[in-house]
Amino acid sequence: MSAITVREKFAYGMGDFASSLVFQTVSTFLMFFYTDVYGLSAAVVGTLLFTARTADAVWDVFLGAMIDRTRTRWGQCRPYLLFGAPLLGLCAIATFTVPDGDTQFKLCYAYASYILLMMAYSVVNIPYGALPALMTDDARARTRLASWRMFCAFSCAIVVNTSMIKLVDYFGDGDQPLGYQSTVMVMAVAGTLLFWLCFAGTRERIWPMVQPMQVRRDFRTLVAGRAWWMMALIGTCMFTAVAITNGSAMYYFRYVVGDTARAAPYFLCVGLGNLTGILISSHLTRRFCKRKVMLLASLGAAVLYASFYFVDPSHPWALNLLGYAITVISGISLPIVFSMVADTADDAELRSGRRMVGLTASTIGFAIKLGLGLGGAVTGIILTLVGYHANAVQSPQTIEGLKLIMSAVPAIGKLVVCAIVAFYPLGQKKLDEIQPLLRQARAAGA
């Protein structure tokens, strides 16, 4: 099997740069957009985010099964990037559009547009996540691909988080709804072009045998393995914490710090921290078992998140430095998580003799969506409980709640992740045993 070139790794990474143009905009700015621009209450938005992100569970499983049965001249996963990218861009624009109408109509529109966005996101992101399992069967090479993916994703996060408010002001010129819509239009076009670059620059080397459609049987096989359950729980808990911290940041800087302009330097430090962590992760996983690396990184991130509560918000250098430190440690875990999805698919194939990369990616992708939905719901609930009111002076109780959302809540999430990782069964020794057995089985079935 030919090695993956740097050019191909770059093309693959550009796919997550494109994906993050949507993901980062939604995770950092959508809740703030809905409450302070669109005009919905925090409780309503929390319910919306949770409902929309879990409503397409059946769609994700069906899509994963379809990917496993897709056979085209472009491969199994890559065609979805080609045809799904424009659809994702259109849905993103619709989500950040404020329609004319009464509150009830706007609420229905928000539900419809956001659910469609989540479905379109699945169309490109599930096959994108499954693609490394078809590019190589080397577990370490997959981890390096995941590092490229995460490096590009957080490079995009820096671009989005540091430029979003400036672009909204530039395009809107005082009209925030127009500013958000125009900014997302630019990102949608850029994202489509980058997904097409990913499609053109990658290659699928593993061609699974044609399999009959047996979704129920495949799903039962998948969930019978402990690795799948651990991965689903890790994805849910980790991205619950991500959604809470990302979704709360704009509120924290507007109402606790008192200046949204100071969010951009903080986001820059956070993005640079993630990039540093990803680079460190690549070196650590070459020398040590990635399960152990992730366990220690999650524990360290929990300690640093808890310390965020005690930082004086009037000292920007302290906020920025701690934000950088937190994301250096958190960033170590991210490439590991996404490489573990392909490892989980290998475990299921060894047990069943059937290749289920699409179904594995879609079901774990749903767990991640569930985490993002839970994070949005938890944020909305806490904002409501502490008495948050949009575009108003906040009470001391509300300020205290915003500080806890940015510190104690994600710290607890990281501790839960740490406990789950301890029980994940696919360490490096086990993976080294699995790969020769899979190669023999594939050769026998070819």
Legend entry - Count - residues of segment 163-188 that are touching a helix residue (DSSP H, G or I) at 6+ places or on another chain (Cβ under 7 Å) and either under 20 Å from residue 342 (Cβ atoms) or at pLDDT 90 or above (or both): 18
Inset, instruction - Determine if segment 92-102 includes at least one residue that is within 25 Å of residue 358 (Cβ to Cβ) and in a helix (DSSP H, G or I). - result: yes
Legend entry - Every residue from segment 67-91 that is surrounded by 19 or more Cβ atoms within 10 Å (Cβ to Cβ), assigned to a helix (DSSP H, G or I) and touching a residue at least 40 places away in the same chain (Cβ under 8 Å): 67, 68, 78, 80, 81, 84, 85, 88, 89
Inset, instruction - Any chance you could count how many residues in segment 146-171 are surrounded by fewer than 17 Cβ atoms within 10 Å (Cβ to Cβ) and of a type in the set (Gly, Ala, Ser)? - result: 1
Inset, instruction - Select from segment 421-430 the residues that are surrounded by fewer than 21 Cβ atoms within 10 Å (Cβ to Cβ) and part of a helix (DSSP H, G or I) and list them in ascending order. - result: 428, 429, 430
Inset, instruction - Would you confirm whether any residue within segment 400-410 is among the charged types (D, E, K, R) and modelled with pLDDT of 85 or more? - result: yes
Legend entry - Single residue of 359, 372, 383 found to be within 25 Å of residue 256 (Cβ to Cβ), buried (at least 24 other Cβ atoms within 10 Å of the Cβ), in contact (Cβ under 8 Å) with a residue 24 or more places away in the chain and over 13 Å from the mean Cα position of the chain (by Cα): 383
Inset, instruction - Could you run through segment 15-60 and say how many residues are of a type in the set (A, V, I, L, M), surrounded by 21 or more Cβ atoms within 10 Å (Cβ to Cβ) and in a helix (DSSP H, G or I)? - result: 11
Inset, instruction - Kindly state which helices (runs of 4 or more DSSP H) lie completely within segment 142-255 and contain at least 2 residues that are over 29 Å from residue 50 (Cβ atoms) and either in contact with a Lys or Arg (Cβ under 6 Å, 6 or more places away or on another chain) or of a type in the set (A, V, I, L, M, F, W, C) (or both). - result: 176-201
Legend entry - Of the criteria (1) in contact (Cβ under 8 Å) with a residue 40 or more places away in the chain; (2) of a type outside the set (Asp, Glu); (3) not in a loop (DSSP other than H, G, I, E, B), which one residue 283 fails: (1)
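Among the candidates 102, 56, 68, single out the residue that is within 23 Å of residue 373 (Cβ to Cβ) and acidic (Asp, Glu).
None of the others qualify; the one that does is 56.
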Inset, instruction - Check segment 202-225 and report whether any residue there is at pLDDT 90 or above and small (Gly, Ala, Ser). - result: no
Inset, instruction - Answer yes if at least one residue in segment 397-419 is out of contact with any Asp or Glu (no Cβ under 9 Å at 6 or more places or on another chain), of a type in the set (Gly, Ala, Ser), surrounded by fewer than 16 Cβ atoms within 10 Å (Cβ to Cβ) and at negative phi, and no otherwise. - result: yes
Inset, instruction - Looking only at segment 137-149, decide whether some residue is touching a helix residue (DSSP H, G or I) at 6+ places or on another chain (Cβ under 8 Å), among the charged types (D, E, K, R) and closer than 20 Å to residue 38 by Cβ. - result: no
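The values are calculated or read from the model by the stated rules, or taken from the named source; none is laboratory data. Everything numeric here is computed off the predicted structure, so don't read it as measured data. Here the Cβ is made from the backbone with ideal geometry for all residues, glycine too, and neighbour counts use every protein chain on show.
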